[in-house]
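Data block below; observations after.
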Amino acid sequence: MSKLVTPSLFGSIGWYNKAPASWKEKAYRDLYNTLARKYKPPVGAAKRGIDFEDHLYRILKKKKDIDKVKCSDRFKEILNHCKGGQFQVKSKSFIDIDDVEYCLYGKIDVLFPTQIIDIKTTGKWDQHSEEKYLGSMQHIMYLYNENMEIFQYIIAVFNGNVSTEIKEVKILNYAEKFREKLKNRIVVEIRKQNRFFKEHPALLALYNNKYSLY
(Lines give C-alpha, C1' and ligand atoms only; values in the text may rest on other atoms or scores of the structure.)
Protein backbone atom coordinates (compact mmCIF):
# COMPACT_ATOMS: atom_id res chain seq x y z
CA MET A 1 0.00 0.00 0.00
CA SER A 2 1.26 3.46 -0.83
CA LYS A 3 2.32 5.97 1.84
CA LEU A 4 0.16 9.06 2.17
CA VAL A 5 1.73 12.49 1.63
CA THR A 6 -0.23 15.71 2.13
CA PRO A 7 0.63 19.42 2.29
CA SER A 8 -0.72 19.57 5.84
CA LEU A 9 1.63 16.80 6.98
CA PHE A 10 4.62 18.59 5.48
CA GLY A 11 3.44 21.73 7.26
CA SER A 12 3.05 20.00 10.63
CA ILE A 13 6.52 18.48 10.47
CA GLY A 14 7.99 21.80 9.37
CA TRP A 15 6.30 23.61 12.26
CA TYR A 16 7.61 21.08 14.76
CA ASN A 17 11.17 21.44 13.43
CA LYS A 18 11.03 25.24 13.55
CA ALA A 19 8.99 25.69 16.73
CA PRO A 20 10.70 27.54 19.60
CA ALA A 21 11.19 25.63 22.85
CA SER A 22 8.07 27.12 24.40
CA TRP A 23 5.93 25.72 21.55
CA LYS A 24 7.78 22.44 20.96
CA GLU A 25 5.54 20.28 23.14
CA LYS A 26 2.35 21.59 21.53
CA ALA A 27 3.82 21.22 18.03
CA TYR A 28 4.68 17.59 18.79
CA ARG A 29 1.23 16.93 20.22
CA ASP A 30 -0.46 18.46 17.18
CA LEU A 31 1.69 16.39 14.83
CA TYR A 32 1.01 13.25 16.86
CA ASN A 33 -2.74 13.85 16.71
CA THR A 34 -2.58 14.49 12.97
CA LEU A 35 -0.81 11.19 12.36
CA ALA A 36 -3.23 9.41 14.73
CA ARG A 37 -6.15 11.05 12.90
CA LYS A 38 -7.44 12.63 16.11
CA TYR A 39 -9.13 15.80 15.02
CA LYS A 40 -10.78 18.42 17.22
CA PRO A 41 -13.53 20.75 16.02
CA PRO A 42 -11.92 23.97 14.76
CA VAL A 43 -12.20 27.03 16.97
CA GLY A 44 -11.21 30.68 16.78
CA ALA A 45 -9.35 31.81 13.68
CA ALA A 46 -9.36 28.27 12.22
CA LYS A 47 -13.16 28.09 12.38
CA ARG A 48 -13.42 31.59 10.93
CA GLY A 49 -11.34 30.45 7.96
CA ILE A 50 -13.54 27.41 7.33
CA ASP A 51 -16.73 29.45 7.66
CA PHE A 52 -15.30 32.07 5.31
CA GLU A 53 -14.57 29.51 2.59
CA ASP A 54 -17.94 27.79 3.00
CA HIS A 55 -19.72 31.13 2.61
CA LEU A 56 -17.64 31.92 -0.47
CA TYR A 57 -18.46 28.59 -2.13
CA ARG A 58 -22.18 28.83 -1.32
CA ILE A 59 -22.45 32.18 -3.07
CA LEU A 60 -20.45 31.09 -6.11
CA LYS A 61 -22.34 27.82 -6.53
CA LYS A 62 -25.61 29.78 -6.76
CA LYS A 63 -24.08 31.62 -9.73
CA LYS A 64 -25.47 34.93 -8.59
CA ASP A 65 -24.58 38.25 -10.14
CA ILE A 66 -21.63 39.15 -7.92
CA ASP A 67 -22.28 42.86 -8.31
CA LYS A 68 -25.63 42.32 -6.56
CA VAL A 69 -24.19 40.37 -3.61
CA LYS A 70 -24.38 42.40 -0.39
CA CYS A 71 -20.83 42.22 0.91
CA SER A 72 -17.67 44.28 1.24
CA ASP A 73 -15.66 45.26 -1.82
CA ARG A 74 -12.78 43.08 -0.59
CA PHE A 75 -14.99 40.00 -0.32
CA LYS A 76 -16.41 40.81 -3.76
CA GLU A 77 -12.86 40.96 -5.10
CA ILE A 78 -12.24 37.39 -3.92
CA LEU A 79 -15.57 36.23 -5.37
CA ASN A 80 -14.61 37.60 -8.78
CA HIS A 81 -11.25 35.84 -8.70
CA CYS A 82 -12.90 32.49 -7.96
CA LYS A 83 -15.97 32.80 -10.18
CA GLY A 84 -16.29 30.00 -12.73
CA GLY A 85 -13.99 27.53 -10.99
CA GLN A 86 -14.64 24.09 -9.53
CA PHE A 87 -14.57 23.97 -5.73
CA GLN A 88 -12.98 21.52 -3.28
CA VAL A 89 -11.64 19.20 -5.97
CA LYS A 90 -9.77 16.10 -4.82
CA SER A 91 -6.25 15.95 -6.23
CA LYS A 92 -4.20 12.76 -6.24
CA SER A 93 -1.19 11.23 -7.96
CA PHE A 94 1.33 8.51 -7.23
CA ILE A 95 5.11 8.68 -7.23
CA ASP A 96 7.81 6.05 -6.58
CA ILE A 97 10.78 7.05 -4.42
CA ASP A 98 13.46 4.58 -3.33
CA ASP A 99 11.24 1.61 -4.21
CA VAL A 100 8.31 2.93 -2.18
CA GLU A 101 5.06 4.23 -3.67
CA TYR A 102 3.66 7.48 -2.27
CA CYS A 103 0.21 8.95 -2.76
CA LEU A 104 0.27 12.72 -3.10
CA TYR A 105 -3.16 13.87 -1.97
CA GLY A 106 -5.03 17.07 -1.19
CA LYS A 107 -8.11 19.15 -1.93
CA ILE A 108 -7.91 22.08 -4.30
CA ASP A 109 -10.00 25.07 -3.22
CA VAL A 110 -10.66 26.44 -6.70
CA LEU A 111 -9.67 24.67 -9.90
CA PHE A 112 -9.63 26.25 -13.36
CA PRO A 113 -8.50 24.57 -16.60
CA THR A 114 -5.09 26.23 -16.45
CA GLN A 115 -4.81 27.58 -12.89
CA ILE A 116 -5.22 26.59 -9.26
CA ILE A 117 -6.38 28.99 -6.54
CA ASP A 118 -6.02 28.41 -2.80
CA ILE A 119 -7.96 30.53 -0.33
CA LYS A 120 -6.24 31.51 2.91
CA THR A 121 -7.29 33.65 5.87
CA THR A 122 -5.11 35.28 8.50
CA GLY A 123 -5.34 37.81 11.30
CA LYS A 124 -2.12 39.58 10.41
CA TRP A 125 0.34 40.20 7.59
CA ASP A 126 4.03 40.91 8.17
CA GLN A 127 7.39 40.64 6.43
CA HIS A 128 7.46 36.85 6.90
CA SER A 129 3.98 36.10 5.58
CA GLU A 130 4.86 35.81 1.90
CA GLU A 131 7.72 33.43 2.70
CA LYS A 132 5.37 31.27 4.79
CA TYR A 133 3.02 30.65 1.87
CA LEU A 134 5.52 30.43 -0.98
CA GLY A 135 7.83 28.29 1.16
CA SER A 136 5.17 25.62 1.62
CA MET A 137 4.73 22.44 -0.41
CA GLN A 138 1.07 22.98 -1.23
CA HIS A 139 1.50 24.69 -4.58
CA ILE A 140 4.33 22.34 -5.54
CA MET A 141 2.21 19.23 -4.93
CA TYR A 142 -0.98 20.51 -6.53
CA LEU A 143 0.72 21.77 -9.67
CA TYR A 144 2.50 18.43 -10.00
CA ASN A 145 -0.70 16.46 -9.45
CA GLU A 146 -2.70 18.44 -11.99
CA ASN A 147 0.18 18.91 -14.46
CA MET A 148 -0.33 22.68 -14.42
CA GLU A 149 1.96 25.69 -14.31
CA ILE A 150 0.11 28.49 -12.47
CA PHE A 151 -0.90 28.65 -8.81
CA GLN A 152 -2.35 31.58 -6.90
CA TYR A 153 -2.81 32.14 -3.18
CA ILE A 154 -5.61 34.57 -2.36
CA ILE A 155 -5.30 35.65 1.27
CA ALA A 156 -8.02 37.49 3.17
CA VAL A 157 -6.23 39.49 5.85
CA PHE A 158 -8.63 40.15 8.71
CA ASN A 159 -8.36 42.92 11.26
CA GLY A 160 -7.02 40.60 13.98
CA ASN A 161 -7.81 37.03 15.01
CA VAL A 162 -11.41 37.69 16.09
CA SER A 163 -12.72 40.28 13.64
CA THR A 164 -14.76 39.33 10.57
CA GLU A 165 -13.69 42.50 8.76
CA ILE A 166 -11.35 41.93 5.81
CA LYS A 167 -8.66 44.58 6.09
CA GLU A 168 -6.98 43.77 2.79
CA VAL A 169 -6.61 41.07 0.15
CA LYS A 170 -3.16 39.75 -0.71
CA ILE A 171 -2.44 37.76 -3.87
CA LEU A 172 0.68 35.63 -4.28
CA ASN A 173 1.50 33.99 -7.60
CA TYR A 174 3.70 30.98 -8.29
CA ALA A 175 4.50 29.50 -11.68
CA GLU A 176 6.64 26.57 -12.82
CA LYS A 177 6.48 25.24 -16.36
CA PHE A 178 8.86 22.33 -15.83
CA ARG A 179 7.05 19.46 -14.12
CA GLU A 180 10.32 17.66 -13.49
CA LYS A 181 11.40 20.50 -11.18
CA LEU A 182 8.22 20.06 -9.16
CA LYS A 183 8.87 16.33 -8.93
CA ASN A 184 12.46 16.85 -7.79
CA ARG A 185 11.31 19.18 -5.01
CA ILE A 186 8.75 16.62 -3.86
CA VAL A 187 11.35 13.83 -3.84
CA VAL A 188 13.72 15.93 -1.71
CA GLU A 189 11.00 16.77 0.81
CA ILE A 190 9.73 13.20 1.11
CA ARG A 191 13.27 11.99 1.79
CA LYS A 192 13.57 14.66 4.50
CA GLN A 193 10.26 13.49 5.91
CA ASN A 194 11.50 9.90 5.99
CA ARG A 195 14.66 10.90 7.85
CA PHE A 196 12.51 12.76 10.36
CA PHE A 197 10.33 9.72 10.98
CA LYS A 198 13.37 7.49 11.48
CA GLU A 199 14.40 9.81 14.32
CA HIS A 200 10.91 9.56 15.85
CA PRO A 201 9.85 5.87 15.90
CA ALA A 202 6.51 6.52 17.61
CA LEU A 203 5.51 8.96 14.88
CA LEU A 204 6.76 6.59 12.19
CA ALA A 205 4.52 3.83 13.54
CA LEU A 206 1.52 6.14 13.39
CA TYR A 207 2.44 7.27 9.89
CA ASN A 208 2.65 3.71 8.60
CA ASN A 209 -0.22 2.13 10.54
CA LYS A 210 -2.75 4.93 10.92
CA TYR A 211 -2.18 7.99 8.78
CA SER A 212 -1.44 6.09 5.57
CA LEU A 213 -4.58 3.94 5.87
CA TYR A 214 -6.63 6.27 3.69
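The values are calculated or read from the model by the stated rules, or taken from the named source; none is laboratory data. As the structure is a computational prediction, the values presented were derived from the model and not from experiment. Cβ placement follows ideal geometry from the backbone for every residue including glycine, while neighbour counts extend to all protein chains displayed.
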Scan of segment 88-105 for residues that are in contact with a strand residue (DSSP E or B) (Cβ under 6 Å, 6 or more places away or on another chain) and either crowded, with 19+ Cβ neighbours inside 10 Å or assigned to a loop (DSSP other than H, G, I, E, B) (or both), ordered by number: Tyr102, Leu104, Tyr105
Residue list for segment 53-68, restricted to those being more than 19 Å from Ile155 (Cβ to Cβ) and at pLDDT 90 or above: Arg58, Lys61, Ile66
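Output the number of residues of segment 38-53 satisfying the condition of being basic (Lys, Arg) and either at positive phi or in a helix (DSSP H, G or I) (or both).
Initially, segment 38-53 is screened for residues basic (Lys, Arg), giving 38, 40, 47-48.
Subsequent filtering for residues that are either at positive phi or in a helix (DSSP H, G or I) (or both) retains 47-48.
Result for segment 38-53: 2.
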Of the criteria (1) more than 20 Å from Lys170 (Cβ to Cβ); (2) in contact with a strand residue (DSSP E or B) (Cβ under 6 Å, 6 or more places away or on another chain), which one Val110 fails: (1)
Scan of segment 180-214 for residues that are surrounded by 15 or more Cβ atoms within 10 Å (Cβ to Cβ), part of a loop (DSSP other than H, G, I, E, B) and hydroxyl-bearing (Ser, Thr, Tyr), ordered by number: Ser212
Residue in segment 35-56 that is surrounded by 15 or more Cβ atoms within 10 Å (Cβ to Cβ) and among the hydroxyl-bearing types (Ser, Thr, Tyr) present: no
Segment 49-100, residues that are under 30 Å from Lys183 (Cα atoms) and of a type in the set (Phe, Trp, Tyr): Phe87, Phe94
